[in-house]
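Let me begin by presenting the structure, written as structure tokens, before commenting on it.
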Amino acid sequence: MRNRVASLPAIFPKNDGAPKRRRTSIFDLLVSPAAPEIVGQSSSFRQSYAALKTTEERIEKAIQVFRKDCLDPFLEDPDTEPIELDSFVSAQLAKGLTSAEADKLKGALVNALAVDIKEFDHFKVMKTFAKAVLSYFDIVTDVLVLVDLVTKSNTSMGVVQGISLGFSFLCQSFLGLALGQPLWVVFLGLVGMKPALESYRDATRAKPFPNQKMLNDQALLLARMCEVITEAIPQAVVQTLVLLKYPEQRTSLQFVSLLASFLTTGFVVASTNREFDTSKHWKRNEPLLCGYVPKDGANRQMVASVSFFTFYNFVKVFSLCLLIASSSFRYAAGLLTLEFLMILAWRMSYKNWRFYKRGMDGIGMSLFTHFCEYLCLLAAPFPLVRFPTFLTPRVYTGSLAYMLGVNFVIIFFSYRVF
């Protein structure tokens, strides 16, 4: 047999070497960051200050370089190398600053340090405020649905929803005690205000409390996880059950509250993980686990993450509620208990089931932490729980694959067996 050279059939259009660009869609315009406006100012001052005429312009540009190259990285990660003012000023002398300008620059740099370190990130505060508004909108709608259920004489579901809210607030208070925070913070947890406080303290760079066992960003992470798994998810389950079992009592408020619960879970999970993944501190200390959020297309990745976690929560909650509505609660409770014990046994086989934190590694706290991590896998799979100090990547990915696949089995049994 003769050797033949494979070639494309003639029906394919010829490539003229000029690739055709896809037309920009509405989705691209919504999620793509706006292109920065091109400014006519030259950036040659990074190599030489000769293009700048006045002393004020030179010092102002030197301060901008100092903030970008030295101060901002230090504020992002205080564990990085200390700022060397003398070395920076010497480098600017080599680029064209005079000795008199260098003396003025030292004073200006000291002022910049005092102002920037004291000042907090206003944009971060705005993002934190937006998250708090979404979260407390969810809580307010949950309370309104609770009142609506009681007025319609559906006291059984109203009591279940009230107990769920109370349990969430108790968990927030218990978390404050476990972290060694003051009693007034614990009392704030009883009224659902602890996540807002932790968000404010992290955004304003407040110092940790004297006996606090974690940094502020870590305490904020635990507060958000506790809020999602003890408030947003149980409330979504209760309200979905009401919609399935009591169709005559459906109202627009219930649908709005349910949508708020799903969106809160998806947005909190995605945004919390993105903040940790883009942190220079975590990328440096955990390079194999952090740093996957791309620099280009980060907004698209955020939209995709929020969509995935929202629909993941919706599908899981709906399948469990469908099982309860078609059979009884004991079947769903038996399935959840079996899953809880199976994942715990899997972790025990790796000997990593304890919560590795000094003073918090007891059996009770470790089992409570495992319970919270299981609830995360159930309906809010925070990617952070894949860290070796929590579930490990193998347990996380295996459990996630199981949670996605078992939904089909649950729906089959709900429609074909019960």
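Given 231, 248, which one is at pLDDT below 85 and either over 30 Å from residue 328 (Cα atoms) or touching a helix residue (DSSP H, G or I) at 6+ places or on another chain (Cβ under 9 Å) (or both)?
Of the residues listed, the single one that is at pLDDT below 85 and either over 30 Å from residue 328 (Cα atoms) or touching a helix residue (DSSP H, G or I) at 6+ places or on another chain (Cβ under 9 Å) (or both) is 231.
Considering every residue within the stretch 346-368, establish whether at least one is of a type in the set (A, V, I, L, M, F, W, C), modelled with pLDDT of 85 or more and within 20 Å of the chain's Cα centre (by Cα).
There is no residue in the stretch 346-368 that is of a type in the set (A, V, I, L, M, F, W, C), modelled with pLDDT of 85 or more and within 20 Å of the chain's Cα centre (by Cα).
Checking the conditions here, which among 102, 108, 62 is open to solvent by less than 40 Å² (accessible area, probe 1.4 Å), at pLDDT 80 or above, among the hydrophobic types (A, V, I, L, M, F, W, C) and not in a loop (DSSP other than H, G, I, E, B)?
It is 62.
Can you say whether residue 380 is closer than 21 Å to residue 240 by Cβ, under 18 Å from the mean Cα position of the chain (by Cα), buried (at least 16 other Cβ atoms within 10 Å of the Cβ) and among the small types (Gly, Ala, Ser), as far as the supplied structure shows? Spell out the reasoning first.
Values: closer than 21 Å to residue 240 by Cβ: yes; under 18 Å from the mean Cα position of the chain (by Cα): yes; buried (at least 16 other Cβ atoms within 10 Å of the Cβ): yes; among the small types (Gly, Ala, Ser): yes.
Yes: the conditions hold for residue 380.
Suppose we keep only residues that are in contact (Cβ under 8 Å) with a residue 40 or more places away in the chain and among the hydrophobic types (A, V, I, L, M, F, W, C) within the stretch 349-367. Which one would you say is most open to solvent (accessible area, probe 1.4 Å)?
In the first step, residues of the stretch 349-367 are kept if they are in contact (Cβ under 8 Å) with a residue 40 or more places away in the chain; the result is 350, 352, 357-360, 365.
Adding the requirement that they be among the hydrophobic types (A, V, I, L, M, F, W, C) leaves 360, 365.
On the way: 360: 6, 365: 36 Å².
Of everything passing the filter in the stretch 349-367, 365 is most open to solvent (accessible area, probe 1.4 Å).
Please enumerate the residues belonging to the stretch 155-167 that are crowded, with 17+ Cβ neighbours inside 10 Å and among the polar types (S, T, N, Q).
161, 164
Is one or more of the residues making up the stretch 155-171 aromatic (Phe, Trp, Tyr) and closer than 19 Å to residue 375 by Cα? Outline the logic, then answer.
Of the stretch 155-171, the ones aromatic (Phe, Trp, Tyr) are 167, 169.
Filter again for closer than 19 Å to residue 375 by Cα, leaving 167, 169.
Yes, that holds for at least one residue.
Condition first: small (Gly, Ala, Ser) and either within 23 Å of residue 371 (Cα to Cα) or in a helix (DSSP H, G or I) (or both). Now tell me which residues in the stretch 204-220 satisfy that.
219
Can you name every residue in the stretch 303-333 that is loosely packed, with under 14 Cβ neighbours inside 10 Å, over 24 Å from the mean Cα position of the chain (by Cα), farther than 15 Å from residue 375 by Cα and not aromatic (Phe, Trp, Tyr)?
328, 330
Here is a yes/no grid of residues against (1) in a helix (DSSP H, G or I); (2) among the acidic types (Asp, Glu):
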position	(1), (2)
334	yes, no
361	no, yes
364	yes, no
367	yes, no
370	yes, no
375	yes, no
390	no, no
395	yes, no
399	yes, no
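Go through 374, 292 for me and flag whichever is free of Cβ contacts under 8 Å to residues at least 60 places away in the same chain and surrounded by fewer than 16 Cβ atoms within 10 Å (Cβ to Cβ).
One residue alone meets the criteria, 292.
Tell me, which residue of the stretch 221-274 that is touching a residue at least 12 places away in the same chain (Cβ under 8 Å) and outside any helix (DSSP H, G or I) is least open to solvent (accessible area, probe 1.4 Å)?
This residue is 251.
In the stretch 168-190, what residues are without any contact (Cβ under 8 Å) to a residue 24 or more places away in the chain, open to solvent by less than 20 Å² (accessible area, probe 1.4 Å) and in contact with a Ser or Thr (Cβ under 9 Å, 6 or more places away or on another chain)?
Those that are without any contact (Cβ under 8 Å) to a residue 24 or more places away in the chain, open to solvent by less than 20 Å² (accessible area, probe 1.4 Å) and in contact with a Ser or Thr (Cβ under 9 Å, 6 or more places away or on another chain): 186, 189.
Name every residue in the stretch 390-418 that is open to solvent by 70 Å² or more (accessible area, probe 1.4 Å), under 22 Å from residue 286 (Cα atoms) and of a type in the set (Ser, Thr, Tyr), in order of residue number.
397 - this is the single residue of the stretch 390-418 that is open to solvent by 70 Å² or more (accessible area, probe 1.4 Å), under 22 Å from residue 286 (Cα atoms) and of a type in the set (Ser, Thr, Tyr).
The values are calculated or read from the model by the stated rules, or taken from the named source; none is laboratory data. What you see is a predicted model, and the numbers here were worked out from it, not measured in a lab. When we count neighbours, we look across all protein chains shown, and the Cβ atoms used for this are built from the backbone with ideal geometry, even at glycine. These accessible areas exclude ligands, DNA and RNA; they are computed on the full protein's heavy atoms, side chains included. Shrake-Rupley method; radii C 1.70, N 1.55, O 1.52, S 1.80 Å.
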